[in-house]
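Asker: Structure in structure tokens, see below.
The values are calculated or read from the model by the stated rules, or taken from the named source; none is laboratory data. What you are looking at is a predicted structure, and each value in this text was computed from that prediction instead of being measured. We place every Cβ from the backbone using ideal geometry, glycine too, and count neighbours over all the protein chains shown. Surface accessibility is based on the protein's heavy atoms, side chains included, excluding ligands, DNA and RNA. Shrake-Rupley method; radii C 1.70, N 1.55, O 1.52, S 1.80 Å.
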Amino acid sequence: MTLRPSRFPGSGTLIEETRIKSRAEDILRILDLRAIDIPEAARERVNACTDLELLGTWFDRALTATNAEELFAAEA
């Protein structure tokens with residue numbers, strides 16, 4: 001009997017944790033470089049997120065957002 005992992009390879013590993021941290025930093029950096037005010041609550045929400053897919057969505061939105069709240073618009 002062959003056991004298959006329930007998650008993709010690398011899930012829950014140091015590699016994944018590093019990717020998550022880097023993506024969160026990228027989102028905040030983009031907003032900062034675009035001179036978008038980042039309230040502490042938004043900063044904490046981005047840093048606390050562990051979902052790479054959601055972080056990817058927020059990354060894409062950070063490229064065009066006019067304020068930090070637009071990152072989370074669809075989740076409201």
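Asker: Return the residues of the stretch 42-56 that are touching a helix residue (DSSP H, G or I) at 6+ places or on another chain (Cβ under 9 Å) and farther than 17 Å from Glu16 by Cα; say none if nothing qualifies.
Answerer: Ala42, Arg43, Arg45
Asker: Looking at the stretch 25-56 only, could you name the residues that are part of a loop (DSSP other than H, G, I, E, B) and surrounded by fewer than 14 Cβ atoms within 10 Å (Cβ to Cβ)?
Answerer: Within the stretch 25-56, Arg34, Ala35, Asp37, Pro39, Thr50, Asp51 qualify.
Asker: Is there any pair with a first residue in the stretch 33-45 that is more than 10 Å from Asn67 (Cβ to Cβ) and a second that is aromatic (Phe, Trp, Tyr) and open to solvent by less than 80 Å² (accessible area, probe 1.4 Å) whose Cβ atoms are under 8 Å apart and which are 6 or more apart or on different chains, and what are they?
Answerer: Partner pairs satisfying both residue conditions: Arg45/Phe72.
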